[in-house]
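Encoded as structure tokens, the structure appears first; notes follow it.
The values are calculated or read from the model by the stated rules, or taken from the named source; none is laboratory data. The shown structure was predicted, so the numbers you read here are calculated from the model rather than taken from an experiment. Ideal geometry is used to build each Cβ from the backbone, glycine not excepted, and the neighbour counts take in all protein chains shown.
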Ligand SMILES: [Zn+2]
């Protein structure tokens, strides 16, 4: 395994370009298709620095546990990387944010100000900060992400793999997810990729935020080709 590990930034970029230009031909795992629906609720985030608890969202607390392990593995491969959790601890963190929007209940989802609340909550959501300096790079690449799959994709790519397992244990190829490597490692930024899929709370048009009051929010999870129902 270790002899597949490429440390040099330029060589990693070359490999990413090769993957972007070819199709994934490996096996595809379909994952386990049964999940229980767990509601979002408050959970205790325990700061690894000071050991104190801060209220955060349960899904993010679980994701952090995965992401910590993934970043440790990246470091164990010999990469100069670290995970910064400073936004999560209100006791010792800089810019710490706490999960406070408990009033956001799904029974409210048809209320007038639902979108506003959701947006405010997104803005107040703390994020993990990942830093990595690849061989030959002058500076650290710094990126914010709470999405364990993105870290997993970066780890597998750094291990010399061309695929990784997503949140549902389904195979994702690096070939088709070059965007994630660009984001997490800051390499191959000129490789053309499809736009990132929109999160469901994001509006159609990302370039301003004064598109309120239209009332019709259907179709915001479409594939971006702009057709109107
Ligand atoms: Zn702390």
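Here are the numbers for this structure:
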item	result
All positions within region 121-137 that are in a loop (DSSP other than H, G, I, E, B) and either under 11 Å from residue 79 (Cβ atoms) or in contact (Cβ under 8 Å) with a residue 40 or more places away in the chain (or both)	125, 126, 127, 128, 134, 136, 137
Residue match in region 89-105 (condition: away from the ligand (no atom under 16 Å from the Cβ), over 23 Å from residue 163 (Cβ atoms) and either in contact with a helix residue (DSSP H, G or I) (Cβ under 6 Å, 6 or more places away or on another chain) or modelled with pLDDT of 95 or more (or both))	yes
Residue in region 79-92 that is farthest from residue 157 (Cα to Cα), counting only those that are under 21 Å from the mean Cα position of the chain (by Cα) and part of a loop (DSSP other than H, G, I, E, B)	89
Residue match in region 152-168 (condition: surrounded by 15 or more Cβ atoms within 10 Å (Cβ to Cβ), in contact with a strand residue (DSSP E or B) (Cβ under 7 Å, 6 or more places away or on another chain) and closer than 24 Å to residue 46 by Cα)	yes
Test: residue 74 is within 16 Å of the ligand (Cβ to nearest atom), in a helix (DSSP H, G or I) and at pLDDT 95 or above	no
Some residue of region 40-53 being closer than 28 Å to residue 156 by Cα, out of contact with any strand residue (DSSP E or B) (no Cβ under 8 Å at 6 or more places or on another chain) and away from the ligand (no atom under 13 Å from the Cβ)	no
Test: residue in region 5-16 that is touching a residue at least 24 places away in the same chain (Cβ under 8 Å), assigned to a helix (DSSP H, G or I), within 16 Å of the ligand (Cβ to nearest atom) and touching a helix residue (DSSP H, G or I) at 6+ places or on another chain (Cβ under 9 Å)	no
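Listed here are the residues, each with its yes/no results for (1) over 17 Å from the mean Cα position of the chain (by Cα); (2) within 20 Å of residue 83 (Cβ to Cβ).
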site	(1), (2)
123	no, no
132	no, yes
136	yes, no
146	no, yes
157	no, yes
160	yes, no
174	no, no
179	no, no
